[in-house]
1. So if we plug the beta-carbon distance of residue 39 and residue 123 into 1/(1 + (r/R0)^6) with R0 = 35 Å, what FRET efficiency do we get, rounded to 0.05?
2. Suppose the chain between residue 66 and residue 16 were pulled fully straight at 0.36 nm per residue; how much longer would it get relative to their current alpha carbon spacing?
3. Using the alpha-carbon centroid of each, what span in Å lies between segment 1-44 and segment 76-101?
4. Could you give the length gained on full extension between residue 95 and residue 147, defined as 0.36 nm per residue of separation minus the Cα-Cα distance, in nm?
5. What fraction of the DSSP beta bridges in the chain is antiparallel, stated in percent and rounded to the nearest 5?
6. Which order, highest average first, do 84-91, 170-177 follow once you tally other Cβ atoms within 10 Å for each residue and take the mean per peptide?
7. I'd like to compare 18-26, 93-101, 41-49: which one has the highest average count of other Cβ atoms within 10 Å, and what's the full order after that?
8. Add -39500 (n - 2.57) for each DSSP H run of 4 or more in the chain, then divide by its residues: what number comes out at 222 nm, to the nearest 500 deg cm²/dmol?
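We did not get these values from a lab; they are worked out from the coordinates using the rules stated. On a predicted model such as this, the values are computed, not experimentally measured, just so you know. Positions of Cβ are generated from backbone atoms using ideal geometry, with glycine treated the same way; all protein chains shown enter the neighbour counts.
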């Protein structure tokens, strides 16, 4: 069984913000794979499907970003999912808009959702897809920036980025993550 997690914040006020790019990827995957995000449990909403002989869960934690690890851990425990069988998709200030970076381990890099995930999993070793949102300019506070919306030009770029994240995630269902990293980090 595989668990695909997109990080974000619940609520209309956070829709389409930079911080919710993980949710956008899960929504697109759910659409592409015909998976209904119709189960509410473990402080999240999720859907399940069999894809290529693999049982897959698409998850959006509803704990707000800073407590994402609570939901992820609860789902992993309930379904007995191993750490190597998850991938977490989230926004990253240290990558330019339009770039993605796949990793198998690493620090939180100041991202509170990843801090929570690391704390609840007890390890920094888990698959992740970092989605570049760039850093704010003109002295804008980071919190205002990540909770802000993409510019029209950035929105156009994010359509392709969301598709690329989806393609990488779908490939991971049948290919070792290291090979997927080598292909999509090129």
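1. It comes to 0.85.
2. Between residue 66 and residue 16, full extension yields 16.2 nm more.
3. Answer, in whole Å: 12.
4. Once the chain is fully extended between residue 95 and residue 147, it gains 17.1 nm.
5. That works out to approximately 55 percent antiparallel.
6. Top to bottom by mean Cβ count within 10 Å: 84-91, 170-177.
7. Order by mean packing, descending: 18-26, 41-49, 93-101.
8. -11500 deg cm²/dmol
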